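Enquirer: My structure is below; once you've seen it, I'll send some questions.
Please treat every number below as a calculation from the coordinates, not as lab data. If you're wondering where the values come from, they're calculated on a predicted model, not measured in any experiment. As a convention, Cβ positions derive from the backbone with ideal geometry for all residues, glycine included, and neighbour counts pool all protein chains shown.
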Amino acid sequence: MTHALAIQDVSSTRLIALFLQLTQRPTRFLVFALGLALGTLTALSAVATPVTAQTTDLASLNDGTHVFGEAAEAGQLGSTYMVMNVQAGKIVGAFYQPSSSFDCFHGELQGNAIALTVINSYDQTTHPFTVALQTTNQVASQTGAANNLVPEGFHTLPEVSTLDADILATCQAL
């Protein structure tokens, strides 16, 4: 979807009449000419670089282990964390809170979301759950700039802790 700047239709006779009025006063002509030039450049700029609807590139949720938290720092009591391993769009991981139990999940990328099946750690019942993905600032990658995808309401955490690795290993073994 592209957007272009709408330019008001002005009849050529009206434009010529305005031009003639302004040429009789040099200062007004100069202001008019500068305004016309700047307006034309703005219109051309808008047409030359159309705004497109933002799309999410799921390939930027790279294979590997990712850790996300409601809190921007690891280990905050009362905050929920999400550790997951992505392999070719397939996901295994867990939701957990520090000093509490955790629930494993498995799922896959679907559009701008992750479709998960969450496994209750107490009774082993399964529940479908969808987590929307949001695009954050672009980050550098080996293949160039890529969108950084983060589950909605979460922050990317830079390190996989020992706790994250242990929880993930347990879920991968199921």
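Enquirer: With each label point set 7 Å from Cα along the Cα-Cβ vector, what nm distance links E159 and S121?
Expert: Taking the simple label geometry, E159 and S121 are separated by 2.2 nm.
Enquirer: Would you calculate the separation in nanometres between label points at Q134 and Q76, each defined as 7 Å from the Cα along the Cα-to-beta-carbon direction?
Expert: 1.4
Enquirer: Still on this structure, I have one more. So who's got an amide H within less than 5 Å of the one on Q134, skipping anything under 5 residues away but keeping other chains? H placed 1.01 Å off N, in plane.
Expert: Amide H neighbours of Q134: V150, E152.
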